[in-house]
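These notes concern the structure reproduced below.
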Amino acid sequence: MSTDPLKPRGIARAFANIALVKYWGKRDSALNLPRTGSLSLTLDPLATFTEVTVDPELTEDTLELNGVPADAKTTARVSGFVDLLRSSVVPTARAASGEGPRVRVRSRNTFPTAAGLASSASSFAALTLATAQAFGHDLDTATLSLLARRGSGSAARSIFGGFAEMSPGTRDDGADAVARPLFDPDHWDLSVVIGVIQKGPKKVGSTLGMDHTVATSPYFEPWADSVPPDLAAARAAIEARDFELLTHVAERSCLRMHASAIAADPGVIYWRGVTIDAVHAVREWRDGGLPVFFTIDAGPNIKVFCPSAHAAEVSQRLLDIPGIDDTLLCRPGGGTVRVDTFEP
Ligand code: PMV
C-alpha cells in the first residue's frame, strides 16, 4: 500500500555489514550491550530500504516486509524500537503503553532475509534513520549508531560506510557502546563474495544463539578474552592493507566465535556440510596462490574476501562447489543515508 505524501515521513537506505572480528555475546540483554567490541566492513549492494510514516489515524504500528505484512512478533520488535524515538514525543513508558503517534513501516531488502546475511544490521540501521526523520529529529551519526544498537548489535556498525568498529563501552547505561568509522569504503579495493548455501530463514537467531552461548558455553570467557587483541591486529592489518595479516585474524575470529557456540550446551551449529566443504576449498585456493579468506556468521553461508581483481574468479570457484546455488558480489559500501523514494 502506498502512503499519504502529506504525512510526516522518513525514508532511508542502509547496507548490511560483515564482521571481520565478530560480535558474539551480550553484557546486558535489555539495553542490548555487547560484551566485546567488533569490527566490520559495510557491504554494497546488500541494502535495506525503509520508509516510516507517522499516521495519527493508526491505533497501532504496522509493518510490511518485502511487500507482505510482518508477523506479530517481528512487528512488536519493530514497534518496541520505534518507542525509543517516539519517547521524545511522549515519555518512554507511555509510548510503550500505546501513547504517541503510531507509524506505518515498510521495509524491503535487496537480498535474502534472515539467512545469515546480516539483514538485521541493515534493517535496524535504516529503521533508525527513517524513524528519526519521520519524527523530525536531526541526529548525529554517533546517536544514530547508539539507537541502532538497541535494535541489533551489528546495526550500530551499518550506520557507517567502509570499515567500522563497535565499542562495547563500560557504562551501565550503554551511552558509550557505539560504533565509529575507521576507514572509508575506498581505503582498500576489496570484494566480498557470498556463497549462498541456504536462502531460507535460519533456525537459531543470533540473539538466541549468543545468549545461550553466554549462559552455557565453557568457551565463552576465553572467546571474549580473545577479542581485544584481534581488534588491534585487524585495525593494524586494515590500516596497512596487509591481506595476509587480515586473513589470519579474520579466520581466527570467525572460528573462535563458532567454537564458543559449538561448545554451548546443547551446542549451536550454524554450519552445513557445504559450509565446511567451502572452508576447505578456500584454504586450498589460498595454498594455490589465490589471495582469499573466509568468514561465516550465524548461518551456513560462506563469505569470501579477496582483492577485487579476483572477485569473478572466486565467484566461479564457489559456484563449482556442489550445494552452493548462488553468489552475491559485494564491495565496500557507504553509510546509512536518507533517500527520496522507497520504491525500487
Ligand atoms: O546484530 P546481531 O544481534 O544480529 O548479531 C550479529 C552476530 C554476527 O553476525 C554473528 C557477528 C557480527 O558481529 O555481525
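Values computed for the structure shown
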| quantity | calculated |
| --- | --- |
| The stretch 203-227: number of residues that are acidic (Asp, Glu) and free of Cβ contacts under 8 Å to residues at least 12 places away in the same chain | 2 |
| Flag if Val193 is closer than 19 Å to Leu329 by Cα and either among the hydroxyl-bearing types (Ser, Thr, Tyr) or out of contact with any Pro (no Cβ under 8 Å at 6 or more places or on another chain) (or both) | yes |
| Subset of the stretch 268-278 (residues that are of a type outside the set (D, E, K, R) and farther than 12 Å from Asn301 by Cβ) | Val268, Ile269, Gly273, Ile276 |
| Those strands (runs of 3 or more DSSP E) lying entirely in the stretch 1-80 with at least 1 residues surrounded by fewer than 21 Cβ atoms within 10 Å (Cβ to Cβ) and more than 16 Å from the ligand (Cβ to nearest atom) | 9-21, 38-54, 62-65 |
| Residue among Phe220, Phe243 that alone is closer than 30 Å to Arg13 by Cβ, aromatic (Phe, Trp, Tyr) and in the same structural domain as Ala312 (by TED's automatic domain parsing) | Phe243 |
| Pairs, first surrounded by 23 or more Cβ atoms within 10 Å (Cβ to Cβ) and at pLDDT 65 or above in the stretch 107-127, second in a helix (DSSP H, G or I) and β-branched (Val, Ile, Thr), C-beta under 8 Å, six or more apart | Leu127/Val78; Leu127/Val82 |
| Residue match in the stretch 149-171 (condition: over 19 Å from Ala47 (Cβ atoms), over 19 Å from the mean Cα position of the chain (by Cα) and either surrounded by fewer than 21 Cβ atoms within 10 Å (Cβ to Cβ) or away from the ligand (no atom under 13 Å from the Cβ) (or both)) | yes |
| Criterion: within 30 Å of Ala132 (Cβ to Cβ) and surrounded by fewer than 23 Cβ atoms within 10 Å (Cβ to Cβ) - qualifying residue of Gly334, Gly323 | Gly334 |
| Close pairs from the stretch 300-319: first in the same structural domain as Arg272 (by TED's automatic domain parsing), partner of a type in the set (Asp, Glu) and in a strand (DSSP E or B), Cβ under 8 Å, at least 6 apart | Leu319/Asp326 |
| Selection from the stretch 175-194 of residues that are surrounded by 20 or more Cβ atoms within 10 Å (Cβ to Cβ) and within 16 Å of the ligand (Cβ to nearest atom) | Ala177, Val178, Ala179, Val192, Ile194 |
| Lone unmet requirement of (1) within 22 Å of Asn301 (Cβ to Cβ); (2) of a type in the set (A, V, I, L, M); (3) surrounded by fewer than 22 Cβ atoms within 10 Å (Cβ to Cβ) for Ala224 | (1) |
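The values are calculated or read from the model by the stated rules, or taken from the named source; none is laboratory data. Nothing here was measured: the structure is a model prediction, and the numbers come from that model. Methodologically, a virtual Cβ is constructed for each residue, glycine included, from the backbone with ideal geometry; neighbour enumeration extends over all protein chains shown.
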